[in-house]
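> Below you'll find the structure I mean.
The values are calculated or read from the model by the stated rules, or taken from the named source; none is laboratory data. Quick caveat: nothing in here was measured; it's all calculated off a predicted structure. Cβ: placed from backbone, ideal geometry, glycine included. Neighbour counts: every protein chain shown.
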Amino acid sequence: MKHSESPIGIFDSGIGGLTVANAVLNTLPNESLIYFGDTAHLPYGDKSPDTIKRYCSVITSFLLGCNVKLIIIACNSASSVAFEYVQEIAKQHDVQVINVIDPVVDYIHLNKINNVGVIGTRATIGSNIFPNKILHLHPNTRVESLATPLLAPMIESGFIKGDISKAIIEAYLAEPVLDDINALVLACTHYPLIKKEIAEFYLDAHREVEILATNEIVAQYVKKVLESSDLINKSSKVQHQFFVSDYTDSFEETTKLFYKEEVFLKHSRIFEEEA
Ligand code: DGL
């Protein structure tokens with residue numbers, strides 16, 4: 001049974017989704033989270049839709065088994081190709097699913113942004129989900145997309161500030177396809193960590209580009225959904241749990257980049273049980 005005190009389930013291919021977890025807890029500090037990072041299978045961005053769906057289905061069943069009241073797919077790659085699939089599974093338990101794409105598309109529509117650039121993994125960009133959804137709401141919007149597959153591994157490896165990351169960020173953002181945009185969607189949950197560096201690129205280029213960090217937009221959306229379903233946790237009993245499908249010390253070390261507090265990762269064996 002769904003209850004306001006039940007946790008929110010949230011998952012990503014790895015630890016990038018912790019940027020969404022952070023934003024959700026900043027907005028909703030009374031909520032408990034069960035986070036699942038599928039570190040055994042990252043990156044999702046280079047996998048086929050069928051493979052991503054298979055991983056998402058196992059994780060969704062795990063989260064439903066933890067009695068979550070809501071599921072957030074905190075990964076653009078998974079949101080792009082597996083949202084309806086996850087929704088179908090969760091519906092059987094009467095649990096709503098939020099992806100990280102629709103809240104951003106709504107934001108673009110409501111704020112009448114008409115010249116949008118989107119950067120993300122190959123899976124996200126290859127799915128064309130952003131242009132399709134944005135143009136469906138507002139056919140006159142110009143949407144330009146660019147796959148930026150080096151950014152997520154760069155961030156996971158801790159290259160955020162410094163010459164290497166600056167050169168990679170610059171090389172992507174200087175691509176002609178992004179020349180005339182006035183907003184840039186960071187369509188990968190890793191990218192909020194380099195928002196400042198992206199902003200610096202545009203500042204140096206004397207260009208005004210609004211950078212849409214999807215984690216904050218998604219957190220506001222989660223709040224609205226919980227409020228409208230009367231599922232906001234009013235008790236102050238908060239407990240978070242963080243699971244990964246493969247554990248290494250370096251994953252735990254990297255979580256410090258993504259999450260404001262120290263995280264203790266638990267190794268979950270749901271995929272081994274499946275095999
Ligand atoms: N966090 C994933 C996303 O939002 C990117 C990392 C991956 O490719 O697994 O797309």
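> Regarding segment 36-59, can at least one residue be identified that is part of a strand (DSSP E or B), more than 12 Å from the ligand (Cβ to nearest atom) and touching a residue at least 40 places away in the same chain (Cβ under 8 Å)?
yes
> Let me ask you something else. Tally up the residues in segment 103-135 that are more than 11 Å from the ligand (Cβ to nearest atom) and either touching an Asp or Glu at 6+ places or on another chain (Cβ under 8 Å) or not in a helix (DSSP H, G or I) (or both), please.
The number of residues fulfilling the criteria is 10.
> Every residue in segment 146-165 that is within 16 Å of Phe201 (Cα to Cα) and in contact (Cβ under 8 Å) with a residue 12 or more places away in the chain, please.
Across segment 146-165, the qualifying residues are Thr148, Leu151, Ile160, Lys161, Ser165.
> Can you name the residue in segment 174-192 that is surrounded by fewer than 22 Cβ atoms within 10 Å (Cβ to Cβ) and in a helix (DSSP H, G or I) and, of all such residues, is nearest to the chain's Cα centre (by Cα)?
Looking at the filtered set, the residue picked out is Leu178.
> When Glu84 is evaluated against the numbered criteria (1) farther than 30 Å from Glu208 by Cβ; (2) surrounded by fewer than 19 Cβ atoms within 10 Å (Cβ to Cβ); (3) touching a residue at least 24 places away in the same chain (Cβ under 8 Å), which criterion, by number, is the only one it fails?
(3)
> When the residues of segment 193-230 are narrowed to those that are outside any helix (DSSP H, G or I) and touching a Leu at 6+ places or on another chain (Cβ under 7 Å), which ends up surrounded by the fewest Cβ atoms within 10 Å (Cβ to Cβ)?
Applying the filter and picking the extreme gives Ile211.
> Here's a follow-up. Evaluate the following for Val100: is it part of a helix (DSSP H, G or I) and within 24 Å of Pro139 (Cα to Cα)?
No, not satisfied.
> Exactly one of these conditions fails for Gly17: (1) at pLDDT 95 or above; (2) under 28 Å from Leu135 (Cα atoms). Give me its number.
In the conditions (1) at pLDDT 95 or above; (2) under 28 Å from Leu135 (Cα atoms), Gly17 misses (1) alone.
> If the Cβ limit is 7 Å and pairs must be 6+ apart or interchain, which residue in segment 207-221 that is closer than 13 Å to Val105 by Cα pairs with which residue that is assigned to a helix (DSSP H, G or I) and among the aromatic types (Phe, Trp, Tyr)?
Within 7 Å, the pairs are Leu212/Tyr107; Ile217/Tyr107.
> To continue, here is another question. Checking the conditions here, which among Phe83, Phe11 is of a type in the set (Phe, Trp, Tyr) and either modelled with pLDDT under 95 or assigned to a helix (DSSP H, G or I) (or both)?
Phe83
> Among residues belonging to segment 54-81 that are of a type in the set (Val, Ile, Thr) and either buried (at least 24 other Cβ atoms within 10 Å of the Cβ) or in contact with a Ser or Thr (Cβ under 8 Å, 6 or more places away or on another chain) (or both), point out the one that is nearest to Leu231 (Cα to Cα).
Across segment 54-81, the extreme among qualifying residues is Val68.
> Being of a type outside the set (Ser, Thr, Tyr), under 19 Å from Ser79 (Cα atoms) and modelled with pLDDT under 95 is the filter here, so list the residues in segment 110-125 that pass it.
Arg122, Ala123
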